[in-house]
Structures are given as structure tokens and as C-alpha cells.
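Shown next, in C-alpha cells, is the structure this report addresses.
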Amino acid sequence: MEVRQTMLGDLSSALKAIVSQRLLRTTSGSRTPAVEIMLNTKLVSELIEKGDFSGIKDALEKAMAEGSQSFEQDIARLITEGVVDRKEGLANSDSPTNLMWRLQNDFSKPAQAAVEEDHHDDEPSFTEITLDVKH
């Protein structure tokens, strides 16, 4: 077995999540993060093991695991909340087309209301993520 395959296998089994952020200029002139979170699901693990890195982005968009979110989802949220303007969001999006679709088909409001209804103060939220990295 070649070294690359061994490394990909190790990575696919050890990876828990990847969190990435971009700082966007807000309407008030400061900066705010747009965050992408990819949890390592069985599908993502298999794609990593095969070395199919282009398929991972599609998997993130299409087979969204609970707790994962794409840049487009978070940027759309920032735009709809008035934190950033549309031009800034489109300039920082991986896919301006997907972002525009999300903005035109905002289906997060009913889901957000259900989340707020079930929210318990003692449960972690997206803003309370802690990654325990062991060396």
C-alpha cells in the first residue's frame, strides 16, 4: 500500500470536523466571521479515503449533516440579518449562484423558529463550539 493511501485512510478515520472562517466587512465597517463547518460523516470519510476532495464540497452542500454548514448558508444568514451587504457576501462566497439561490429561497425562518422553540439554555449552540485537539 502506498504512503498516500495510508495517510488518507488515517485522516478519514481520525478527522472529527473541519471549521473554516472568512472575515467579512460588516455594514458598520468592522469585521465578522462567516463560518463553514464540516462534520466527518461516513460519506465524507469515504471521499477522503478515496482522495476525492472535489466531492467533499458537493457532499457538504447536498448531504448536510446536522451541525454542518456551508459558507453560503452562513453568508446568507449574515445578509438576511443585515450584518453584511449582498455585494460583500457575493464577493466572499464560494458559489455566488448558490448564495443567490439561498437568498431567494429563504427556508431557514420556519426552521429557525422550531430551533428557538426547542432551545434549552444548558445545551451548546453553534456559538459554543469547543474543539479538543490532542497532539
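The values are calculated or read from the model by the stated rules, or taken from the named source; none is laboratory data. On a predicted model such as this, the values are computed, not experimentally measured, just so you know. Cβ atoms come from the backbone with ideal geometry, glycine included; neighbour counts cover every protein chain shown.
Values for this structure:
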read-out	value
Residue in the stretch 89-109 that is at pLDDT below 55 and surrounded by fewer than 10 Cβ atoms within 10 Å (Cβ to Cβ) present	yes
Residue list for the stretch 53-79, filter: modelled with pLDDT of 90 or more and not hydrophobic (A, V, I, L, M, F, W, C)	E72, Q73, D74, R77
Selection count where residues are charged (D, E, K, R), within 16 Å of the chain's Cα centre (by Cα) and in a helix (DSSP H, G or I), scope the stretch 56-107	8
Count - residues of the stretch 7-59 that are aromatic (F, W, Y) and in contact with a strand residue (DSSP E or B) (Cβ under 8 Å, 6 or more places away or on another chain)	0
Single residue of the stretch 1-39 satisfying the filter (under 19 Å from S95 (Cα atoms) and among the charged types (D, E, K, R)) that is farthest from the chain's Cα centre (by Cα)	R25
Residue list for the stretch 8-30, filter: over 18 Å from Q73 (Cα atoms) and surrounded by 11 or more Cβ atoms within 10 Å (Cβ to Cβ)	L8, G9, D10, L11, S12, S13, L15, T27
Filtered residues of the stretch 40-75 (kept if within 23 Å of N92 (Cα to Cα) and buried (at least 18 other Cβ atoms within 10 Å of the Cβ))	A59, L60, S68, Q69, S70, F71, E72, Q73, D74, I75
